[in-house]
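Before any comments, here is the structure.
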Amino acid sequence: MVEYRQRHTDEWLAHFARRGHRSARPLAAGVEGAVYRLDQGLVAKVWSGRPPADLDLSRRVYADIARHPLSFATPEILDTEVHDGVLVTYERELTGAPFRAEPVTTSAERDLPAAETTALLTVLRALATVPGTDAMRALTVQGDDRPLWRGHTRFPDALAALVRRAARRHGDVLAAHVPGLSAAVDRVVASLTALPDAPVTVIHGDLVPPNLHVDDTGRPTAVLDFGFFTTAGDPAFDAAVTAAVWDMYGPHAESHTSTLTGLFADEFGYPAETLALYQAGYALTTYDLFSPDGSDGHFHWCAGLLRRMASLGNGVSA
Ligand SMILES: Nc1ncnc2c1ncn2[C@@H]1O[C@H](COP(=O)(O)OP(=O)(O)O)[C@@H](O)[C@H]1O
Ligand SMILES: [Mg+2]
């Protein structure tokens, strides 16, 4: 989902210095925020992009996740402020560093490094042990106008309803790039609704390389940046989305996605057609999040995924 990056500025460094953080310095920049390292194990995230709609809810979700000890750290919001109309969250500094700091994966390796596939298995296996909670169900997926679970008791039904709402947003723009889109939407909705019920666990929804920190040996130390598509749901959804987004734009992106999809199906026993269905669902619900007119890379990535699925008779035509 990574598109544009926020910038660091001297004004913010001066602001943190005035608050007593004299050694503040730029740490990293993502789509939603520029992150500064303060002192005493703290970081500040300046939300110049899209801030979380409900900060208290985000904090409750992070607390719910933290209640289940994992072998890696997850975010904790310690304090917040609004400065010059911009939200700043103060968070504990999480250790490790991303496999690749670049938000757009430019990994040119034909085969994904074993350290990456092992780390992804570790993270997905662990997140699938964190039960879904009311706070997670109360979250709204980006671009949507209501909590995903409102009016629903099953994850696949909630996702199917989101697919319908998202198609009403800018489906005409997407249809120009995906032949037979409206029939595909109907099939995805029908296939989702037909999925069996399953216990729900936390869904991260945006496991791209910058959001996974590892140590020097490649062991996961932290998973961060929940919120883009965070909810309670079928852990197979997180696996499916991760397989799709881990490498979106590299020269071997499609082959990496199919390798990861097959690996997650084998390791976790998720049906391959369910993973393909969830990948179509992800594309149909996020295609317009970075521009309404289809002018960005994420849009074209979603359209490409949907065209390939239709041509394979996979997922969208189930
Ligand atoms: N608490 C933290 N501790 C250490 N590094 C962090 C922390 N929060 C963010 N970062 C670094 O900053 C980058 C961008 O932050 P992130 O929360 O992912 O923002 P965005 O939503 O903009 O992607 C991350 O990839 C991570 O490397
Ligand atoms: Mg991020």
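Table for the structure above
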read-out	value
Single residue of THR129, THR95 found to be near ligand 1 (Cβ under 9 Å from one of its atoms), over 23 Å from MET248 (Cβ atoms) and in a loop (DSSP other than H, G, I, E, B)	THR95
From VAL189, VAL202, residue being of a type in the set (A, V, I, L, M, F, W, C), in a helix (DSSP H, G or I) and within 24 Å of MET136 (Cβ to Cβ)	VAL189
Single match in THR285, THR257, THR230 (criterion: within 16 Å of ligand 2 (Cβ to nearest atom) and surrounded by 20 or more Cβ atoms within 10 Å (Cβ to Cβ))	THR230
Residue selected from the range 1-42 under the condition basic (Lys, Arg) and within 9 Å of ligand 1 (Cβ to nearest atom), by the criterion nearest to LEU94 (Cα to Cα)	ARG37
Members of the range 234-254 that are under 14 Å from TRP301 (Cβ atoms) and not in a loop (DSSP other than H, G, I, E, B)	VAL241, ALA243, ALA244, VAL245, ALA253, GLU254
Within the range 195-209, considering residues that are over 11 Å from the mean Cα position of the chain (by Cα) and touching a residue at least 24 places away in the same chain (Cβ under 8 Å), the one farthest from ligand 1 (Cβ to nearest atom)	ASP197
The listed residue being loosely packed, with under 13 Cβ neighbours inside 10 Å, within 27 Å of THR286 (Cα to Cα) and acidic (Asp, Glu), out of ASP84, ASP79, ASP56, ASP10	ASP56
Condition check for THR286: assigned by TED's automatic domain parsing to the domain that holds ARG110 and under 25 Å from ALA115 (Cα atoms)	no
Matching residues in the range 130-159 - criterion: being out of contact with any strand residue (DSSP E or B) (no Cβ under 7 Å at 6 or more places or on another chain) and of a type in the set (Val, Ile, Thr)	THR140, THR153
Any hit, the range 166-185, residues being in contact (Cβ under 8 Å) with a residue 24 or more places away in the chain, in contact with a Ser or Thr (Cβ under 8 Å, 6 or more places away or on another chain) and β-branched (Val, Ile, Thr)	no
Sole exception among (1) crowded, with 24+ Cβ neighbours inside 10 Å; (2) modelled with pLDDT of 95 or more; (3) small (Gly, Ala, Ser) for GLY315, by number	(2)
Restricting the range 176-222 to residues that are surrounded by fewer than 18 Cβ atoms within 10 Å (Cβ to Cβ) and of a type in the set (Gly, Ala, Ser), the residue that is nearest to VAL61 (Cα to Cα)	ALA198
Any hit, the range 150-170, residues being within 16 Å of ligand 1 (Cβ to nearest atom), surrounded by 21 or more Cβ atoms within 10 Å (Cβ to Cβ), within 15 Å of ALA283 (Cα to Cα) and not acidic (Asp, Glu)	no
Residue among ASP111, ASP144 that alone is part of a loop (DSSP other than H, G, I, E, B), over 22 Å from the mean Cα position of the chain (by Cα) and surrounded by fewer than 21 Cβ atoms within 10 Å (Cβ to Cβ)	ASP111
Residue match in the range 78-88 (condition: out of contact with any Leu (no Cβ under 6 Å at 6 or more places or on another chain), within 16 Å of ligand 2 (Cβ to nearest atom) and either over 20 Å from ASP215 (Cβ atoms) or part of a strand (DSSP E or B) (or both))	yes
Condition met for THR122 (β-branched (Val, Ile, Thr) and either within 18 Å of ASP64 (Cβ to Cβ) or modelled with pLDDT under 95 (or both))	no
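To keep it simple, each residue is scored yes or no on (1) touching a residue at least 60 places away in the same chain (Cβ under 8 Å); (2) touching an Asp or Glu at 6+ places or on another chain (Cβ under 9 Å); (3) of a type outside the set (A, V, I, L, M); (4) assigned by TED's automatic domain parsing to the domain that holds LEU27.
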| position | (1), (2), (3), (4) |
| --- | --- |
| GLY218 | yes, yes, yes, no |
| VAL223 | yes, no, no, no |
| PHE229 | yes, yes, yes, no |
| ALA236 | no, no, no, no |
| TYR249 | yes, no, yes, no |
| SER258 | no, no, yes, no |
| ALA265 | no, no, no, no |
| LEU275 | no, no, no, no |
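The values are calculated or read from the model by the stated rules, or taken from the named source; none is laboratory data. Just so it is clear, the model here is predicted, and its values are computed rather than measured. Glycine gets a Cβ as well: all are built from the backbone with ideal geometry, and neighbour counts include every protein chain shown.
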